[in-house]
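Notes follow once the structure below has been shown.
Please treat every number below as a calculation from the coordinates, not as lab data. Just so it is clear, the model here is predicted, and its values are computed rather than measured. Ideal geometry is used to build each Cβ from the backbone, glycine not excepted, and the neighbour counts take in all protein chains shown.
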Amino acid sequence: MLDHSREVLPNECCGFLLGSPATIEEATRAVNLTPSPNRYQVDPRDHFAVIRRARKESRVVVGVYHSHPSAPAVPSSTDLEHATSAEYLYVIVSLAGEPVTEEVRAYRLVGERFERVDLVVIEF
């Protein structure tokens, strides 16, 4: 996710998170159909492809990620407006700051707001 975020600067990136309900096993990139520093639109072909792949591999899509190239890793009002699933994990990668400070935060949609979720990285 960090590499993807850096590669598309100054625009936002987006992608999907695959795994099981308790574990993110993989982040997979999606095409941003509206490259912009403060917006993204996932290509529906990528969305359907990742769903088919997850089913084939006996996994599920557990969430989505996107970047904030020049803002904190905090959901924007647009992020909240477009959030659709209380079951998804929403990960935001921030590359904001001078010098750039990389930050990754995760959230769940609870009612009509986001609640932060701690991420634990397990090295294999």
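A few remarks follow.
- Within segment 4-24, backbone nitrogen closer than 20 Å to the virtual label 7 Å beyond the Cα of Glu57 toward Cβ: 4-5, 14-24
- Phi-based couplings in Hz for segment 5-21 (Karplus 6.51, -1.76, 1.60; Gly and Pro marked x): 4, 5, 5, 9, 3, x, 8, 7, 10, 8, x, 10, 10, 10, x, 10, x
- For segment 2-117, the relative contact order comes to 22 percent (Cα pairs under 8 Å, sequence separation of at least 6).
- The packing ranking of peptides 45-54, 113-122, 60-69, highest mean first, is 60-69, 45-54, 113-122, where packing means the average number of other beta carbon atoms within 10 angstrom of each residue.
- Angle between the chain longest axis and helix 44-56 axis [Cα atoms, degrees, rounded to 10]: 40 degrees
- Three-way shape label, segment 65-117, alpha-carbon gyration tensor, a/c 1.5: prolate
- Here the Debye sum runs over all C-alpha atoms of segment 2-117 as equal scatterers in vacuum, and log10 of I(q)/I(0) at q = 0.12, 0.14, 0.17, 0.20 Å⁻¹ comes out as -0.39, -0.54, -0.81, -1.11.
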